[in-house]
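Comments concern the structure below.
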Amino acid sequence: MENNQPKEQETQKENPETQLDSLESYETLTGTEESKIQSELRKAHEDLAEAKDKYLRLYSEFENFRRRTAKEKLELIQTAGEQIVKVILPVIDDFERAEKAFQGTESKEMEGFLLIYNKFKKILEQTGVKEMEAKGTNFDADLHEAITQLPTPDETQKGKVLEVVEKGYLLGDKVVRHAKVVVGA
């Protein structure tokens, strides 16, 4: 390094005119040259701001895409779960009909049947499937499907669910199967 410094000093001594020219040109900038440099600086700031804006928009767009795909995956999983529940619900209906048919009999087969039925119901409850409580409530077209209307002498029973023909089920807050009901008229 020490060898390089004397060479640089020699070159500066040999070319004093070039050194003066660069100093003079720096000190003697005209107004147009100065404004040109300022406009270039302003343009560089604008380009930087534009690039920063593009980056932020792209980042925001990516975050929205990530959230949207996560939401779509969740909805897909829920929809698949809903389809499985729709297929399984008739089995629950068969269990309930069999329970009514064997009511009053006590045997080991009936005990085993009830264990399986209760376990099956518990699994459905753990997955978020809930049975709708319909009997005695006001008829709601979003939850119930009216099979028929029966005239009632009692005015308080009009528009209420008198009997449930087929139970309705919810998966979370979404109706998986509407309850088929008889409504008082």
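In whole Å, how far is the Cα centre of segment 73-140 from that of segment 153-185? One Cα centre to the other: 17 Å.
Entry for segment 129-185 at q = 0.13 Å⁻¹: log10 I(q)/I(0) = -0.29, Debye formula applied to identical alpha-carbon scatterers, no solvent contribution. In order along segment 163-179, the phi-based Karplus estimate (6.51 cos²θ - 1.76 cosθ + 1.60, θ = phi - 60°) of 3J(HN,Hα) comes to 8, 9, 7, 9, 5, x, 9, 10, 10, x, 10, 9, 6, 8, 9, 6, 6 Hz; Gly and Pro are listed as x. Extending 7 Å from Cα along the Cβ direction at R67 and again at L170 yields two label points whose distance is 2.7 nm. Amide hydrogen proximity for V176: with H placed 1.01 Å from N in the peptide plane, the residues at 5 or more positions away or on another chain lying under 5 Å are Y169, L170, L171. The HN-Hα couplings worked out from phi for segment 51-57 by the Karplus form 6.51 cos²θ - 1.76 cosθ + 1.60 (θ = phi - 60°) are 5, 5, 4, 4, 4, 5, 5 Hz, whole numbers, x standing for Gly and Pro.
For each of E166, E109, count neighbouring Cβ atoms within 10 Å of the residue's Cβ, then give the residues from fewest to most. Before the final figure, lay out each step's value.
Working: E166 16, E109 10.
Least to most surrounded, the residues fall as E109, E166.
If you wrap the Cα atoms of segment 43-144 in a convex hull and average its projected area over all directions, you get 11.5 nm². The phi torsions of segment 97-108, fed into the Karplus equation with coefficients 6.51, -1.76 and 1.60 and a -60° offset, translate into couplings of 5, 5, 4, 5, 5, 9, 5, x, 9, 10, 8, 5 Hz, rounded to whole numbers, with Gly and Pro shown as x.
In this structure, the pairs whose alpha-carbon distance is over 25 Å, taken from K100/K167; K121/K167; K100/K121; K71/K180; K122/K180, are K71/K180.
R0 = 25 Å: FRET efficiency of I77 with D142, Cβ-based, nearest 0.05? That pair, I77 with D142, gives E of 0.55.
Values quoted throughout were computed directly from the atomic coordinates according to the rules given, and no laboratory measurement underlies them. Note that the structure is a prediction, hence the values are computed from the model and not measured. Neighbour counts are summed over all protein chains in view; Cβ atoms, including those assigned to glycine, are modelled from backbone coordinates with ideal geometry.
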